[in-house]
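Engineer: Just dropping this structure here.
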Amino acid sequence: MTSVLLVGVGAVGDRAGRQLAATPGIERILIADRRRERAEALRRHIGARASVVEWRPRDRVPPGVTVVACALPPGDDVPLVLAALDAGIPVATSGDEHDGIATLLRLDGDARARGVTVLVGCGLAPGLSDVLAAHAATLLDSVDEIHVARAGIAGAKSEASLRRVHSDRAVEVRHGEVVEVRRRTSHELVFFPEPVGAQECEMVGVGIDLLADAFPGVDRITVRAVEPPPRTRGLFAREDPGGRWGATKVEVWGRVGTARVPVVYGAAGRTATVGGTVLAVATAALAGAVVTLAGQHPGVHGLASVVAPTAFLAELAGRGVTAARFEGVPVS
């Protein structure tokens, strides 16, 4: 029996659970959340195949679990990944902070030794953006630059995480080295797909390590993000941030023959819905319910390192998450 343990039922986890429930081959879903009422609400939506379980840091993974889906805040996911490694069970996590991802990447040797695959950064960006970069690379003979931008938050925890991302140091990859960037010079107006549109972005560090691992020969890699708007008070403060629109834009430069050309993709959707769908597809792939990974890959990886990008994007499209290619005349 294919059984998923889903831990964390906030904005992203709830959407991931609904997508997993709609996936043929996923026969059982165990749901855990610190707020039991949220777990119970998702169980009622899924029906008889779901049940609520208790899971706390340092707990073992329940018996019979095939794969773990983690939608906990960055940092909180580390004990769950360690528990999955101890049990020899693959895990996908949606954490999107630089330090949290770096901590998980340091578990790569342990994961390889145990033959376990850990997929990190399975959200909007990193996540969908990495898959788009991998797909763009298949259209080029060689790749020399990758530029990713992201807008949108998926719930209160995501908002707090993105604020921390903007307070951390900004970095980019130049000539194969990760270097710090002065924020005053890192701002750029990015034109995302509608309805997000043009947004001022600044350079951040999140996701850089995953792209550098997936594209070791690339000369320059940057990641930019829109800073969350100021917190609101009163009636509108109760709005679900995960219901707001988000977007990613991915620009990959490289060679086709002797010509240097760009491939530019964009995608927009409700931020939590996109992130939850990416997490669900990654989890289903680890469970063998969908075929969107390029073989077996023990270790800790971002999606760009392991996906079959066309198959992954087709699976997302079948679930309502689509991307489009920007067409036009290159200007740089």
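Engineer: Given points 7 Å out from each Cα along the Cα-Cβ axis, report the R28 to D99 separation in nanometres with one decimal.
Structural biologist: 3.8
Engineer: Additional query: What is the sum of charges around V223, taking Lys and Arg as +1, Asp and Glu as -1, for the other residues whose C-beta is under 9 Å from the C-beta of V223? Walk me through the intermediate numbers first.
Structural biologist: Numbers: positive: R150, R224; negative: E172.
Residues close to V223 contribute a combined charge of +1.
Engineer: Please report the antiparallel percentage of DSSP beta bridges with both residues in the chain, rounded to the nearest 5. Mind showing how you got there, number by number?
Structural biologist: Working: 38 of 65 bridges.
If we restrict to bridges inside the chain, about 60 percent are antiparallel.
Engineer: Could you check the simple spin-label distance between T322 and R106, using points 7 Å along Cα→Cβ, in nm with one decimal?
Structural biologist: Those two pseudo-labels are separated by 4.4 nm.
Engineer: Can you pull the one-decimal nm distance between simple spin-label points at L189 and R260, each 7 Å off the Cα toward Cβ?
Structural biologist: 2.5
Engineer: To the nearest Å, what is the center-to-center distance of region 41-79 and region 102-121, using C-alpha atoms only?
Structural biologist: Taking the Cα centre of region 102-121 as reference, the centre of region 41-79 is 19 Å away.
Engineer: Where the accessible area of the chain is counted over protein heavy atoms with a 1.4 Å probe, how much of it, in %, is carbon and sulfur?
Structural biologist: 51
Engineer: Taking the alpha-carbon centroid of each part, what is the distance from region 211-226 to region 1-39 in angstrom?
Structural biologist: Region 211-226 and region 1-39 have Cα centres spaced 31 Å from each other.
Engineer: Now a separate question. Express in whole angstrom the spacing between the alpha-carbon centres of region 129-155 and region 257-328.
Structural biologist: 10
Engineer: Mind sorting out which of (1) 15; (2) 19; (3) 9 is the real percent of Cα pairs over 39 Å apart computed from the coordinates?
Structural biologist: Only one listed value fits the structure, namely (3).
Engineer: Using alpha carbons only, how many degrees (0 to 90, rounded to 10) separate the axis of helix 156-167 from the longest principal axis of the chain?
Structural biologist: Helix 156-167 sits at roughly 40 degrees to that axis.
Engineer: What value, in deg cm²/dmol to 500, does the helix sum -39500 (n - 2.57) over DSSP H runs of n ≥ 4 give at 222 nm once divided by the residues of the chain? Before the final figure, lay out the partial values.
Structural biologist: Values: 11 runs with 109 residues, N = 332.
Result for the chain, helices only: -9500 deg cm²/dmol.
Engineer: Taking amide hydrogens as modeled 1.01 Å from N in the peptide plane, which residues meet the under 5 Å criterion relative to R319, leaving out close sequence neighbours?
Structural biologist: Counting only residues 5 or more places away or on other chains, the set is empty.
Engineer: Quick query: amide H of G75 versus all other amide H atoms, modeled in the peptide plane; which residues come in under 5 Å with a sequence gap of 5 or more or a different chain?
Structural biologist: none
Engineer: Further question on the same structure: Listed highest first by mean packing, meaning other Cβ atoms within 10 Å per residue, what order do 280-287, 56-63, 295-302, 80-87 come in? Mind showing how you got there, number by number?
Structural biologist: Numbers: 280-287: 28.8, 56-63: 12.1, 295-302: 18.2, 80-87: 20.4.
The densest-packed peptide leads the list: 280-287, 80-87, 295-302, 56-63.
Engineer: Let me ask you something else. Through the Karplus equation 6.51 cos²θ - 1.76 cosθ + 1.60, θ set to phi - 60°, convert the phi angles of region 122-127 into ³J(HN,Hα) values in whole Hz; use x for Gly and Pro.
Structural biologist: Once rounded to whole Hz, the list reads 8, x, 6, 7, x, x.
Engineer: Let me ask something else. Can you quote the Å³ per residue value for the convex hull of the Cα atoms in region 25-172, rounded to an integer? Write out the running numbers ahead of the final one.
Structural biologist: Details: hull volume 23.4 nm³, N = 148.
Value for region 25-172: 158 Å³ per residue.
Engineer: Another one. How large is ³J(HN,Hα), in whole Hz, for each residue of region 199-205 in order, when computed from phi with the Karplus curve 6.51 cos²θ - 1.76 cosθ + 1.60 and θ = phi - 60°, using x for Gly and Pro?
Structural biologist: Residue by residue, region 199-205 yields 9, 6, 10, 10, 5, 10, x Hz.
The values are calculated or read from the model by the stated rules, or taken from the named source; none is laboratory data. Please read all numbers here as calculations on a predicted model, not as lab measurements. Here the Cβ is made from the backbone with ideal geometry for all residues, glycine too, and neighbour counts use every protein chain on show. Keep in mind that these areas ignore ligands, DNA and RNA; they rest on the heavy atoms of the full protein, side chains included. Shrake-Rupley method; radii C 1.70, N 1.55, O 1.52, S 1.80 Å.
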